[in-house]
Every structure is written in C-alpha cells, then in structure tokens.
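The values are calculated or read from the model by the stated rules, or taken from the named source; none is laboratory data. Predicted model only: the values in this text are computed from it and were never measured. Please note: Cβ atoms are built from the backbone with ideal geometry, for glycine as well, and neighbour counts cover all protein chains shown.
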Amino acid sequence: MLADPVDIAAASPTPALSFALVKQDGYGSERRDGTNGYSVITNHQALKGGGDKHYLQILQTVVAPDPITGVNKKYVASCSLTIVRPVTGFTDAAIVALCKALTDYRDDAQVTTARLIGFQS
C-alpha cells in the first residue's frame, strides 16, 4: 500500500499536492487533494490468460463559465497511463524501463505534451 497521504512537490504551474486516500478495495484506489481540485485513480486487473493491467489516471476539476451561456460549470480534464504486463517475458525492471521510455518520449523536445495536444503525431 502507498503512503497516505501521497505528497507531491510543487512543479510550476502545479501547486504542491497532497493526495489523501478516499476509497480503496482490492483492485485499486482513489485519492484526492483536498484544496486544488485534483484526484488520482489507480486500478489493477488480472487479465484472462495471465498477466496484469495497471491503470493510473489524474484528473483536475475546475469551475469555469460555459462559453455559450456564461453560467459557471464544473469541467474535468484528465491524463492517464495504462501498463499491460504479459504473464512472462518482462521483469519488473523491464516494465519500469518501458514506462520511463514513454515519459521520456513525451518529454523529448521533438515531441512535448504541447505538440501532442496540438494534434501532432
């Protein structure tokens, strides 16, 4: 089990976050930062035929005016990572390296999150 709360240092423009456990079962958890509108969902699943699937999602909720009516509404943005590990062929270190390769790819100056959300691929 992870620490409770999970504290994340500030990384501009994101403030420091403290994700407290609000729900947990044998398949995952939900954690919320009480002041900034962020939450994290983690799920684990055993796959048919062997192997595992792990899902991690961060969400941020904001209240903003509807562009048509001007009435304030809740809006939610999210980002997620799914890890599928076959029953054999990959060590823990290999899966960690694969996930690191993905975040390195995303963070490379030739890719960047800004370019991805700008529909570049």
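Numbers for the structure displayed
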| item | result |
| --- | --- |
| Hits in region 30-85 (condition: charged (D, E, K, R), out of contact with any helix residue (DSSP H, G or I) (no Cβ under 7 Å at 6 or more places or on another chain) and within 21 Å of residue 101 (Cα to Cα)) | 52, 53 |
| Odd one out for residue 90, checked against (1) out of contact with any strand residue (DSSP E or B) (no Cβ under 6 Å at 6 or more places or on another chain); (2) in contact (Cβ under 8 Å) with a residue 12 or more places away in the chain; (3) of a type in the set (Phe, Trp, Tyr) | (2) |
| Residue in region 66-78 that is farthest from residue 42 (Cα to Cα), counting only those that are in a strand (DSSP E or B) and small (Gly, Ala, Ser) | 77 |
| The lone exception for residue 13 - which of (1) at pLDDT 95 or above; (2) exposed (fewer than 12 other Cβ atoms within 10 Å of the Cβ) it fails | (1) |
| Residue count, region 16-28 (criterion: surrounded by fewer than 15 Cβ atoms within 10 Å (Cβ to Cβ), hydrophobic (A, V, I, L, M, F, W, C) and under 12 Å from residue 39 (Cα atoms)) | 2 |
| From the options 81, 98, residue that is out of contact with any Phe, Trp or Tyr (no Cβ under 7 Å at 6 or more places or on another chain) and part of a helix (DSSP H, G or I) | 98 |
| Lone qualifier among 33, 52 - being surrounded by 15 or more Cβ atoms within 10 Å (Cβ to Cβ) and not β-branched (Val, Ile, Thr) | 33 |
| Residue that is charged (D, E, K, R), assigned to a loop (DSSP other than H, G, I, E, B) and under 26 Å from residue 1 (Cα atoms), where the choices are 23, 53, 48 | 48 |
| Those residues of region 101-121 which are in a loop (DSSP other than H, G, I, E, B), surrounded by 10 or more Cβ atoms within 10 Å (Cβ to Cβ) and not β-branched (Val, Ile, Thr), in sequence order | 108, 120 |
| Lone qualifier among 71, 96 - being of a type outside the set (S, T, N, Q), at pLDDT 95 or above, loosely packed, with under 13 Cβ neighbours inside 10 Å and assigned by TED's automatic domain parsing to the domain that holds residue 17 | 71 |
| Residue list for region 18-36, filter: under 28 Å from residue 64 (Cα atoms) and modelled with pLDDT under 95 | 34, 35, 36 |
